[in-house]
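Every number in this text was worked out from the coordinates using simple rules, so none of it is lab data. Remember, it's a predicted structure, so these values are computed and weren't measured experimentally. Because the Cβ atoms are built from the backbone with ideal geometry, glycine has one as well, and the counts that use them run over all protein chains shown.
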Amino acid sequence: MVLHDADCGFCQWLLAGLLRWDRAARLRPIALQRPEAGDLLSDLAPADRMASWHLISPAGVRHSGGAAVAPLLTLLPGGRVPATAFARFPGPTDRGYRWVAEHRSHLSRLVPSRAQRHARERVQRRER
């Protein structure tokens, strides 16, 4: 499961790209705003839930923020090599993730509204 901010156009756009890459449909998106996300992240304060995205494995193991990049990539076709690189450099990976997270409002403005709309539709189809 990929828990994401449904109100972030940039986040939706990136997630839609990951869902397109995920030809085996292994990823299940869940908006952080949904009650189900609150249940899955009940040990986190609401602000901490919304501070980053979260990947939860079928076994219930949670990775958040930059620490979720490598485990996510291992689930995607051809993702093992880049996953190995990200796992090998967790500090820069997390710093890169944090930079994107802190600038996501500005980055959302760079994604055309039509692309954001299509991304939202793709994510919503997979959420059902």
**Mean separation of Cα contacts under 8 Å (6+ apart) over length of the chain, as relative contact order %** = 36
**Request:** Report the net charge of residues surrounding Ala87, where surrounding means a beta-carbon distance below 13 angstrom and charges are Lys +1, Arg +1, Asp -1, Glu -1.
**Result:** +1
**Fill in**
Counted neighbours (other Cβ, 10 Å), sorted fewest up, put His54, His106, His63 in the order His106, His63, His54
**Request:** Determine the sum of side-chain charges near Leu15: Lys and Arg each +1, Asp and Glu each -1, restricted to other residues whose C-beta is under 13 angstrom from that of Leu15.
**Result:** +2
**Item:** Which of Val81, Val2, Val100 has the fewest Cβ neighbours within 10 Å, and the rest in rising order
**Value:** Val81, Val100, Val2
**Prompt:** How large is ³J(HN,Hα), in whole Hz, for each residue of segment 58-70 in order, when computed from phi with the Karplus curve 6.51 cos²θ - 1.76 cosθ + 1.60 and θ = phi - 60°, using x for Gly and Pro?
**Reply:** x, 7, x, 7, 10, 10, 10, x, x, 5, 8, 4, 4
**Item:** Computed label-point distance, nm, for sites His106 and Glu127 using a 7 Å Cα→Cβ extension
**Value:** 2.8
**Message:** For a Förster distance of 30 Å, can you work out the FRET efficiency between the beta-carbons of Ala115 and Arg23, rounded to the nearest 0.05?
**Reply:** 0.90
**Request:** At 7 Å along the Cα-to-beta-carbon direction for both Asp7 and Arg34, put a label point, then send me their distance in nm to one decimal.
**Result:** 1.8
**Request:** Using Rg and Dmax of the Cα atoms in Å as the read-out, say which of [x] 13.4, 39; [y] 21.2, 79; [z] 13.9, 37 was calculated from these coordinates.
**Result:** [z]
